[in-house]
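Asks: For reference, the structure I am asking about is given below.
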Amino acid sequence: MKTPLHDIFEEHRIGLSSEIGLNTLLDKASLEELSPASNDSEKILFLAIDMQNDFMEKGQLAVPGSHQDIHNSVRFLYTHLEKITRIAVSLDTHQPDQIFHPIWWVDAEGNHPAPFTVITPEDVLSGKWLPVHDAEESLAYVQKLAEQSKKELCIWPYHCLEGSYGAALESQFANMVFFHSAARRSTPLRIVKGQDPLSEMYGIIKPEVAPADEPGNEELLRELKNYDRIIVVGEAKSHCVLESLRQILEYYQAEPDVTSRIVVLSDCMSPIPGFEESTEETLAHFQETYGITVTTSTACTL
């Protein structure tokens, strides 16, 4: 690499706006004279889930440890820039008036629930929490979550509102994504998720509640199959990363040659506090059942 890492990545600016101009950054990338990604004999996808400002440590839905996750992810990309074929990024994208935000619900006095309030079917049936609109659909949603043994409806702080700073890719990670794009002539794949007002969408394939025969984002599922290895990082490990893995693995459960291509970099993701144990148990289950690899950014070699 001709460009030193400090010309791309400002560690002290993680979670803040970048002081490196994109024109300067991309001019340097164009001088790298690397082989185009289209020439790669082994196709490697780097899949980054929700590496957005609102999930950083000073964001609206902060994940402790997220700054170190960015640091580790950027260094991994820099080290393996010539071997990463394409970078895919998911973007959690919301409006204020969605079923998992406070404005959707009120109690008998008209108060909205505080962030991290859990709403159960019993809460809705008893009138403890009532939807402001779409009453039948809202009750049906929390009931389906319970029936399908999904996570209970959690009221999250307003986050990743479309067009806001919080919804943008974290600046230092974005610098590396764009640098890779120019240096390897590889267009990043953007996956927008979370726009259904009547459902949470932790995973990148489909909402939490969807018809049983609904495969979700089939175009993305087909794209994943084009790669020999899929490196996974992101936030939060306990929710959006875990559910994305679950959806992909369940779709390809009959094709172990596909599921075994997935490599999880455990030091490039952090859980929401309180979900640590269940997250590790689920990852261990994925390893045993689907043959995925769980390793670290420093132990993973390409």
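Asks: Once you list every other residue whose beta carbon is under 9 Å from the beta carbon of Lys43, what net charge do they have if Lys and Arg are +1 and Asp and Glu are -1? Write down the numbers at each step before the final one.
Replies: Numbers: positive: Arg86, Arg229; negative: Asp40, Glu42, Asp228.
That works out to -1.
Asks: Here's another thing I want to ask about it. Return one whole number: the accessible area per residue of the stretch 248-302 in Å², for a 1.4 Å probe.
Replies: Result: 50 Å² per residue.
Asks: May I pose another question? Provide the packing ranking of 162-168, 246-252, i.e. peptides ordered by the mean count of other C-beta atoms within 10 Å per residue, highest first.
Replies: 246-252, 162-168
Asks: Add +1 for every Lys or Arg and -1 for every Asp or Glu among the other residues with Cβ under 15 Å from the Cβ of Ile230, and state the total. Don't skip to the end; give the middle numbers.
Replies: Numbers: positive: Lys43, Lys83, Arg86, Arg222, Lys225, Arg229, Arg246, Arg261; negative: Asp40, Glu42, Glu223, Asp228, Glu255, Asp257.
Taking every other residue near Ile230 into account, the sum is +2.
Asks: Given that just one value was derived from the coordinates, which of (1) 33, 55, 11, 0; (2) 27, 48, 21, 5, 0; (3) 30, 41, 22, 7, 0 is P(r) over Cα pairs in 20 Å bins from 0, in percent?
Replies: Calculated P(r) over Cα pairs in 20 Å bins from 0, in percent: the matching label is (1).
Asks: Oh, and also: Decide, for the stretch 172-302, between rounded, prolate and oblate: order the square roots of the alpha carbon gyration tensor eigenvalues as a ≥ b ≥ c, take rounded if a/c falls under 1.5, and otherwise choose prolate if a/b is larger than b/c, else oblate.
Replies: Rounded.
Asks: Also: Extent of the stretch 110-189 along each principal axis, from alpha carbon coordinates, in Å, largest to smallest?
Replies: 58, 29, 20 Å, listed from the longest principal axis down.
Asks: Connecting C-alpha atoms closer than 10 Å in a GNM of the chain, tell me which of Gly216, Gly234, Gly194 has the biggest fluctuation.
Replies: Its mean-square fluctuation being the largest, the pick is Gly216.
Asks: Considering only protein heavy atoms and a 1.4 Å probe, what is the carbon-and-sulfur percentage of the accessible area of the chain?
Replies: Carbon plus sulfur share of accessible area: 50 percent.
Asks: Are any of the pairs Lys2/Lys83; Lys150/Lys193; Lys151/Lys237; Lys28/Lys193 more than 20 Å apart by Cα-Cα distance, and if so, which?
Replies: On the way: Lys2/Lys83 16 Å; Lys150/Lys193 18 Å; Lys151/Lys237 14 Å; Lys28/Lys193 32 Å.
Cα-Cα > 20 Å for Lys28/Lys193; rest within.
The values are calculated or read from the model by the stated rules, or taken from the named source; none is laboratory data. Not measured: the values here are computed from a predicted model. With ideal geometry, Cβ positions are generated from the backbone for all residues, glycine too; neighbour counts draw on all protein chains shown. Quick note on the areas: whole protein, heavy atoms, side chains included, nothing else; ligands and nucleic acids left out. Shrake-Rupley method; radii C 1.70, N 1.55, O 1.52, S 1.80 Å.
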